[in-house]
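Contents: one structure, followed by commentary.
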Amino acid sequence: MKRAIALLALGLALPLLGGCGLTPMYAGGSSGAIAQGLAAVDIPPIEGQAGWLVRNALRDRLGESNGSSRYRLDIRLDDQLEGLGLLTDDTIGRERRTLRARYQLIDVATGEILLDATDGSDAGIDVVSSEYATIAAEQTALENLARDVADRIVTRLALTLRKAT
């Protein structure tokens, strides 16, 4: 009986969902308007190791350019590593790595700035007695932050391109 009521309620609700006005952002898959717009974004080289990591993560997420770039994404990064916690022997026990990106999406044809935004992320790192382990943790944090910042940038780009279409 409960199952029949649930199916009836679902049957009544489905027609209402079609009129809500929501449409999938990536409708059409790789041939959809958003995916085509993202694939038309050129990413110039970004300075430093963090820049290399962010650029590669963005290229992985945006897809392969089809040769004609309609947009250019200019990015400036700020990578900070700071000590936070002091132990009783005045050594640092915790660090925070922060990666911030300031970026602009520019229409190559007109020079118009379609998006001017900042995004960032941070991670905590335990400083241990092994210097190698601490360096490895700092590097892993940078790699994770680069992926996170790239994800945030792609989301903002997709929303901007969706409004433009």
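The values are calculated or read from the model by the stated rules, or taken from the named source; none is laboratory data. Given the structure is predicted, the values throughout are model-derived calculations rather than measurements. Positions of Cβ are backbone-derived with ideal geometry, glycine not excepted, and every protein chain shown enters the neighbour counts.
The set of residues from region 35-62 being touching a residue at least 60 places away in the same chain (Cβ under 8 Å) and either assigned to a strand (DSSP E or B) or touching an Asp or Glu at 6+ places or on another chain (Cβ under 9 Å) (or both) comprises Val41, Asp42, Gln49, Ala50, Leu53, Ala57, Arg61.
For Arg96, are the conditions met, namely being touching a Phe, Trp or Tyr at 6+ places or on another chain (Cβ under 8 Å) and part of a strand (DSSP E or B)? It would help to see each step written out before you state the result.
Details: touching a Phe, Trp or Tyr at 6+ places or on another chain (Cβ under 8 Å): no; part of a strand (DSSP E or B): yes.
Against the criterion (touching a Phe, Trp or Tyr at 6+ places or on another chain (Cβ under 8 Å) and part of a strand (DSSP E or B)), Arg96 does not qualify.
Select from region 80-113 the residues that are in contact (Cβ under 8 Å) with a residue 24 or more places away in the chain, among the hydrophobic types (A, V, I, L, M, F, W, C) and within 22 Å of Ala150 (Cα to Cα) and list them in ascending order. Matches in region 80-113: Leu81, Leu99, Ala101, Leu105, Ile106, Val108. The set of residues in region 41-88 being at pLDDT 85 or above, touching a Lys or Arg at 6+ places or on another chain (Cβ under 9 Å), of a type in the set (A, V, I, L, M, F, W, C) and surrounded by fewer than 19 Cβ atoms within 10 Å (Cβ to Cβ) consists of Leu81 alone. Picking from residues in region 93-117 that are surrounded by fewer than 14 Cβ atoms within 10 Å (Cβ to Cβ) and among the β-branched types (Val, Ile, Thr), the one that is nearest to Glu47 (Cα to Cα) is Ile113.
Restricting region 118-136 to residues that are touching a residue at least 24 places away in the same chain (Cβ under 8 Å) and part of a strand (DSSP E or B) leaves a set whose member that is farthest from Glu47 (Cα to Cα) is Asp126.
When region 83-93 is examined, which residues are found to be in a loop (DSSP other than H, G, I, E, B) and among the β-branched types (Val, Ile, Thr)?
Passing the criteria: Thr88, Thr91.
If you go through region 63-79 and keep only what is farther than 21 Å from Asn144 by Cα, touching an Asp or Glu at 6+ places or on another chain (Cβ under 9 Å) and without any contact (Cβ under 8 Å) to a residue 40 or more places away in the chain, you end up with Ser65, Ser69, Arg70, Arg72. Of the residues in region 141-162, none is farther than 15 Å from Leu62 by Cα, out of contact with any strand residue (DSSP E or B) (no Cβ under 7 Å at 6 or more places or on another chain) and modelled with pLDDT under 95.
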